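Written below as C-alpha cells is the structure these notes are about.
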Amino acid sequence: MSHQFDTRTQPDETQPHPQGPYHREDLERYYRATQEIESDRHHIQDATEELRELEHTGAVEVFQQQVDLLKKRLVNDPKFFNQLFISEGIDAVAWAFQQEELSETFTHTFWNLLLQGDDMSTLLLRFVWNIPLKFKRKFIRALDEHFSERYPMFKGLSKDWPGNNSIPPYMRPAEERSNDFDLVNQGYLGYMGLGYSYREVELFVWLEVLRDKQCDDRPCEMGVPRIDGGENRGGCPVKIHIPEVLHLMGEGKFRQALELIKESNPLPNVTGRVCPQEIQCQGVCTHNERPIEIGQLEWYLPQSEKVLHPEKYLELPEVVSPWATAERPPIAVVGSGPAGLINAYLLSKEGFPVTVFEAFHELGGVLRYGIPEFRLPNALIDDVVKKIEQLGGKFVRNFIVGKTATLEALKRAGFWKIFIGTGAGLPQFMNVPGEHLLGILSANEFLTRVNLMQGHREGYETPLPETRGKQVMVVGGGNTAMDAARTARRLGGEVSIVYRRTQAEMPARVEELHHALEEGIQLKVLRSPQEFIGNDKTHFVTGARLDVMDLGEPDASGRRRPLATGTVEEVPVDLVIMALGNTSNPIVKDAEPELKTSKWGTIEIRKGSQETSIEGVYTGGDAARGGSTAIKAAGDGQQAARQIIGDIPFNASEIKSLVAHAEGYTKQGQAAQKILEKIELAENIVEFVVYSPLIAKSSRAGQFVRVLGWEKGELVPMTLADWDTEAGAITMVIQGLGSSSMMMNRMEVGDAFTGIAGPLGLPSRLHRYEQGETVAFCAGGVGLPPVYPIMREHLAMGNHVTLIAGFRSKDLMFWAEPDERIGLLQAEYPDLLDVIYTTNDGTFGIEGFVTGPLGDMLEAAKAGSGRAVGEVVAIGPPLMMRAVSDLTKPYGVRTIASLNSIMVDATGMCGACMVPVTIDGKLVRKHACIDGPEIDSHIIDWDKFIPRFQQFKKQEDRNRQRHGL
Ligand code: FAD
C-alpha cells in the first residue's frame, strides 16, 4: 500500500459500498429482513415470509454464492481480508481527511482506533505521519476542538502548530517537587500519573513526533556547518540517527526506533534526560522557536519499555561470558562515568573481557555522585551496569588507579589495553579572603554527601551541613550550581545563586535554570564574592561581600568579560556552596610520568584518535576534555572502543593466559575485605587485620585508606598501621570516637567492611640523615600506628629515630611490650631507636605531653650537648600537632604534621580536607588527601585549620545518640 496520501476520487459517504452486478434494492430489503428477524419478534412472521420470497431472486442467489466464496477464502487466506478491510478503511479515512474539517464523530472514531494499539492503529499512525502537513494540521485542529475536555493538553494546540506549539512533557508542580527528591521532569510517561493510559501517552509522544519537518539536511544529527569551516554547530555528539528515529516513531514503530538509538548510544535513558539538547540536537532544530523534544523522546523510548515490560526490560539474549570464551584479550576501563560505562558496554558486546576499576564504592561517576535523583534516578545507572554485567563485564569498586595500582601494573595483570575515563573531579575555589570559614564547601562535597552518601536520609551516617531555614548561597552558573541550589532548596534552605555575568550567559541547561527559578531560588546576577565574613567564636561564615559587576568586552570564551564596578554589597549567609567548575584530578597523571597532559591537567590524545601518549592507553570524557557533558564523554568512550578493537597481536593460548591472569586480578580486587584478626589494644582502641590484597601490595609508609564500614555508613580516612603483602592483609587501628569509628569497632572477625580504598595520599618523603641527626616522632595516642611504618622505614635506611609516644594514661598504651611492635623494633635497632613515653597523668614514663621531652631535645641540640634533630614528625590530635609545631618553629627544625582531616572521598574530589597554608605571605589551600597527608606544619594556619574538626560536631552528637553510643 502506498504511504503517500491517496488523492484518487473518494467514495461518497452516503454510498460507501460499490454497486454490484445484482439488484441493490433486493439486497437491501433482504438485509433489513434478516435484521428484523434478529431484533423484532413481533414482525418475525412477516419478515420470514419476505425472506423466503427474496431468496429466490437472482440478486440474493449471487450474493449467497459470494458469501460462500468469501467464507472459503476467510478460512484459507485470512490475510486477504485484512488487506481488503485495511485498504478500504484507509480509503475511507483518506476521504475523511479531504473534507474541509474532520467531523467530531470521525475524530472520535479515529482516535479510538488509534487507542487500540493494534496493527490497524499502527497503520493509521503511518497514514497520518505520511500525509502532507496541511492534513496533519487538520487533524490537530480536530483534536483541539473535539478533545480538549478529555485531554486539556490539546487545548489551543492547533494555534501555530507545528512550529510554535506542542504538548510539553509532564513536570511536577514546583511547590510539590521542591520538598522532595522525586523526579521533576516526568516526561510524557508522567501523564500516566494523571490517569492517562499507556497508549494515550504513546499517542501524545507520537503527536510530538508528528511535528517533525523531516528535513533533508538532518541538522539535529549532523549539526549546522559553520562559515569558518570549524566543527559543526549543534548536532548529536554520538550521531544518533535522529531523523530515522523520528520516522520510525512517526510510523508507530517505537521498538525499532529504540533499537536504532541503541546502536549509537546505549545510555538513552540517561542522556535523554541530561544532555544540553538546547545547544545540540534541539539547538539546531528548524522549529527554532519550539524545537522537537528530541531529548524527551530519546528517554521516553527506553523508559516506556521499562514501564511496559519491567521484568523483560533487562533481559538480553543469552550470552556466553567473554571471560569464559577467552577469545579476546582483556581490557581495563578506569572510571565508571558515562565515558567508561559506554566503553565497557561496547567492548563487552564485542566479546572482550572487560573490568571496570572505579574509585568509589558506587558506579556511575558524576551521574551518581553529582546529578541529583530528582533529575536522574540512580536506578537508571544500575540498569546500565546490569546490562554490562549481563554481557560479562566486571566491576571492581574502591580501586584507585594511580594508587591501588599503576597503569603498568594493570598491564602486567593481563590487561591488553586500557581506557581512562577518570573525569575532571577536582573542585575549583575562588581563593578569596574568608573562604576557609566553616560552612563554605564545594558543590562536589555537598552533592556527594547527599547523592552518593544519602546523608539526607534517615539511618545514613554522613553528616550534612545545616540547611533548613538557612541562607544558602551557591556561587556559579552551570549545571553543578543548579543541582547544588535545588538540592539545598529541597533540604529547606533559602537559596540564592550568585553569578558574575547575566542570566543569558549562564552555562546551565536551560531547563534546570528554569526549574530552579520556579522552585523559588533567587538569582543574584552580576555579583561576585569578594570576601566572606565569619563569626570569631564559631568560625562559621555569616556574610559575604559581593562585588557588583558589569559586562565588558568579550573574553577568550566569546562571552563578555565581567568587570567589578567598585560597588560592594554585603549579604547575610549561613552556608556557601562553591560551584565554580572542576579541573582534572592529578592522581593518574602523577603516577604516570609517561602520560602527557596539558597545562590544565587534561590527558592529551593523539590527533584523530583517543589514544594517549602511552601506547595501548586510551582516554576520553572529562579526563581529556576538562569539564564537559555526559554525551560528549559517551561519544569519546564509543570512539575509543572502536579504536581499541584492533588487530590482536596474540595467539589463542597467549590470550587464554592473559584472560586467566586478568580474571584472577579482578577477583582479588572484588574480594570481600574481611576482618582476619581483631585485637583490643586498649579501651575503645581496636587493631584490625583486614584482607585486602591489592592495597597491601601497593601500600607505602605514610599513606592511609578510606573506609566505608557498612552500607549506610560514612567514608572515613584511617591510617595504615601496617600491611603484609604475602598474606594480602592491611592493619588499621581504630579509636572509637565518633559514631562511625565506634560502630566499626563493634565489627568482628569474619565481618567484611563494605569498602576500603587506597592506599591514599603521598607516601612519606624520607631523607637519609648522614650526620647522625635524629628523626623525632611525636605520636599522640592513636598517632602511634601511622608513625610506626614511617619510623620503621627511617630505621631501615639507617637513620636514628627518637620516638616520643604520648598517652593520656598507662591503661591507654599499646604496642609497648617487648613482643609488640615498638618493643620488637627496639630489639631490632637497639642503637638507632630511642623510645620515650609520656602520660598526661604520669602513670607511665614522663608525666606531661610529648612537647616536654621534645623541648629538652631541641634545647640540648641547640646547646650542642645532644643529638641534632634532623626533622620532627607529629601525628596525633590536632592540638598536639599544633603544640609541637609551635615548639619547633623558633628552632627552625623542619616539622611535618600528618593530617587526618575530615574528608568525603579522600581523592581530591570533594575539597573537604582543606588545609589553609601560608606560602610567600599568601593564604592558599592545600588538600590533605592529595597534597598530604604530610604537610609542613610551619606553613599551616592552625587558627583556621583546627576549627574545621568541629564542623559537623552537632550532627556527630546526633548520630551517636541515634546509635545509643
Ligand atoms: P565522570 O562522570 O566524572 O566519571 C569519572 C569516574 O572515574 C568517577 O566515577 C570517578 O570516581 C572515577 N575515577 C576518578 N579517578 C579515578 C581513578 N584514579 N581510579 C579509578 N576511578 C577513578 N553533563 C550533562 O551533559 N548534563 C548535565 O545536566 C550535567 N550536569 C552535571 C551536574 C554536576 C553536578 C556535575 C559535576 C557535572 C554535570 N555534567 C552534566 C557534566 C557531566 O556529568 C560530565 O561531563 C560527565 O559525567 C563526564 O563523564 P566522564 O565519564 O568523563 O567522567
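The values are calculated or read from the model by the stated rules, or taken from the named source; none is laboratory data. Owing to the predicted nature of the structure, the values given are computational and were not obtained by experimental measurement. Because the Cβ atoms are built from the backbone with ideal geometry, glycine has one as well, and the counts that use them run over all protein chains shown.
Some notes on this structure:
- Lys417 vs. criteria in contact with a Gly (Cβ under 9 Å, 6 or more places away or on another chain), away from the ligand (no atom under 13 Å from the Cβ) and over 30 Å from Tyr170 (Cα atoms): yes
- Here Asn398, Asn343 are screened, and the one residue that is more than 22 Å from Asp905 (Cβ to Cβ), within 19 Å of the chain's Cα centre (by Cα) and surrounded by 24 or more Cβ atoms within 10 Å (Cβ to Cβ) is Asn343.
- Qualifying residue in the stretch 475-488 (condition: within 16 Å of the ligand (Cβ to nearest atom) and out of contact with any helix residue (DSSP H, G or I) (no Cβ under 8 Å at 6 or more places or on another chain)): yes
- Residue that is nearest to the ligand (Cβ to nearest atom), among those in the stretch 614-637 that are touching a strand residue (DSSP E or B) at 6+ places or on another chain (Cβ under 9 Å) and aliphatic (A, V, I, L, M): Ala623
- Some residue of the stretch 647-660 being touching a strand residue (DSSP E or B) at 6+ places or on another chain (Cβ under 8 Å) and among the hydrophobic types (A, V, I, L, M, F, W, C): no
- Unmet criterion (only one of (1) without any contact (Cβ under 8 Å) to a residue 12 or more places away in the chain; (2) outside any helix (DSSP H, G or I)) for Glu259: (2)
- The stretch 565-594: number of residues that are surrounded by 15 or more Cβ atoms within 10 Å (Cβ to Cβ) and in a strand (DSSP E or B): 7
- The set of residues from the stretch 716-729 being of a type outside the set (Gly, Ala, Ser) and in a strand (DSSP E or B) comprises Val716, Pro717, Met718, Thr719, Leu720, Asp722, Trp723, Asp724.
- Condition check for Thr422: touching a strand residue (DSSP E or B) at 6+ places or on another chain (Cβ under 7 Å), within 14 Å of the ligand (Cβ to nearest atom) and at pLDDT 95 or above: yes
- Checking each residue in the stretch 273-292 for being surrounded by 20 or more Cβ atoms within 10 Å (Cβ to Cβ) and within 11 Å of the ligand (Cβ to nearest atom) picks out Arg273, Val274, Cys275, Pro276, Gln277, Gln280.
- Given (1) modelled with pLDDT under 95; (2) away from the ligand (no atom under 16 Å from the Cβ), index of the condition Phe429 fails: (2)
- From Gly608, Gly621, residue being buried (at least 19 other Cβ atoms within 10 Å of the Cβ) and either touching a residue at least 60 places away in the same chain (Cβ under 8 Å) or not acidic (Asp, Glu) (or both): Gly621
- Filter pass, Ala672 being under 30 Å from Ser613 (Cβ atoms) and either within 16 Å of the ligand (Cβ to nearest atom) or within 28 Å of the chain's Cα centre (by Cα) (or both): no
- Selected residue (criterion: surrounded by the most Cβ atoms within 10 Å (Cβ to Cβ)) from residues of the stretch 629-682 that are part of a loop (DSSP other than H, G, I, E, B) and without any contact (Cβ under 8 Å) to a residue 12 or more places away in the chain: Gly646
- Odd one out for Val850 among (1) surrounded by 24 or more Cβ atoms within 10 Å (Cβ to Cβ); (2) within 16 Å of the ligand (Cβ to nearest atom): (2)
- Top-ranked residue of the stretch 137-181 - restricted to ones that are part of a helix (DSSP H, G or I) and acidic (Asp, Glu), ranked as surrounded by the most Cβ atoms within 10 Å (Cβ to Cβ): Asp144
- Looking across Met732, Met747, Met791, one residue alone is of a type outside the set (Asp, Glu), buried (at least 19 other Cβ atoms within 10 Å of the Cβ) and part of a loop (DSSP other than H, G, I, E, B). It is Met747.
- Looking at Gly439, Gly425, just one residue is surrounded by 21 or more Cβ atoms within 10 Å (Cβ to Cβ), farther than 23 Å from Val571 by Cβ and of a type in the set (Gly, Ala, Ser), and that residue is Gly425.
- Residue that is farthest from Gly627 (Cα to Cα), among those in the stretch 562-599 that are within 16 Å of the ligand (Cβ to nearest atom) and small (Gly, Ala, Ser): Ala591
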